[in-house]
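Nothing in this text is a laboratory measurement; each read-out follows from the coordinates by a stated rule. Small disclaimer: the values here were computed from a predicted structure and weren't measured.
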Amino acid sequence: MRPRHIGLLVGGAFAIVLTLVGFTALVKSRQSTPAGQVVTGVASIGGPFTLTRSDGKAVTERDFLGKPTAIFFGFTFCPEVCPTTLYELSGLIKELGPEAEKMNFVFVSVDWGRDGPKEMASYLSAFDGRIQGLSGTEAEIETVTKAYRVYYKRVPVEGGDYTIDHTASVYLMDGKGQFIGTLAYGEARDTMLEKLKRLVAGA
């Protein structure tokens, strides 16, 4: 099993494939991603789910209503996209200052085979403590990824292990659980910060 990489690797490349049917982004660890824009007017994104928080408590989508939410899907063995995104998100939370308390920040693992509450708690200890880690069974992850139209796929690697290709964008939801837009991987920091400020201001 490969070691976890929580350091930042700013090189490398990724691609996002946006489909007309639901805003799905196919990200491969060895490809390149352009910066994205806020996406509106697409098919419904978001819906009911039940997952387990890193403290072992079961949560549903209702636990995040009342505040806007930034939700990102990845996995703890991710070599580049996830640690980079979570590091950037931690920085944005700091820059928001007191306004950050008016939002939820969530990291959902799509690696139901290796990531549980303990693994999520350990991994997220390297980032801002306000980022909540969620994990679940295969069926639970299938439910939430379908609701959010998230792409993920196991890809075998040497030695019998696997990596996971997955959507790279951070989803932005309003306090009612409605999809507002995204923070795209590689997007300008100032642009991402402005989107979060607008999201909070509209809460």
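Per-residue 3J(HN,Hα) values for the range 65-74, derived from phi via the Karplus relation 6.51 cos²θ - 1.76 cosθ + 1.60 with θ = phi - 60°, read 6, x, 10, x, 10, 9, 10, 10, 10, x Hz in sequence order (x marks Gly and Pro).
For the range 154-180 and the range 87-117, what is the separation of their Cα centres, given in Å? A separation of 14 Å, based on Cα centres. Coupling constants for the range 123-138 follow from the phi torsions by the Karplus curve (6.51 cos²θ - 1.76 cosθ + 1.60, θ = phi - 60°), and in residue order they are 5, 6, 5, 8, 10, 4, x, 7, 7, 8, x, 10, 9, x, 6, 4 Hz; glycine and proline get x.
The phi-based Karplus calculation (6.51 cos²θ - 1.76 cosθ + 1.60; θ = phi - 60°) puts the 3J(HN,Hα) values of the range 48-61 at x, 7, 10, 9, 10, 6, 5, 8, x, 7, 6, 10, 10, 4 Hz, whole numbers, x for Gly and Pro. Distances between placed amide hydrogens fall under 5 Å for residue 164 paired with 155, all partners being 5 or more residues away or on another chain. The base-10 log of I(q)/I(0) for the range 50-201, evaluated at q = 0.20 Å⁻¹, reads -1.36 [Debye formula, identical scatterers on Cα atoms, solvent excluded]. Between the amide H of residue 104 and those of 69, 70, distances stay under 5 Å, these residues lying 5 or more places away or on another chain, with hydrogens modeled in the peptide plane.
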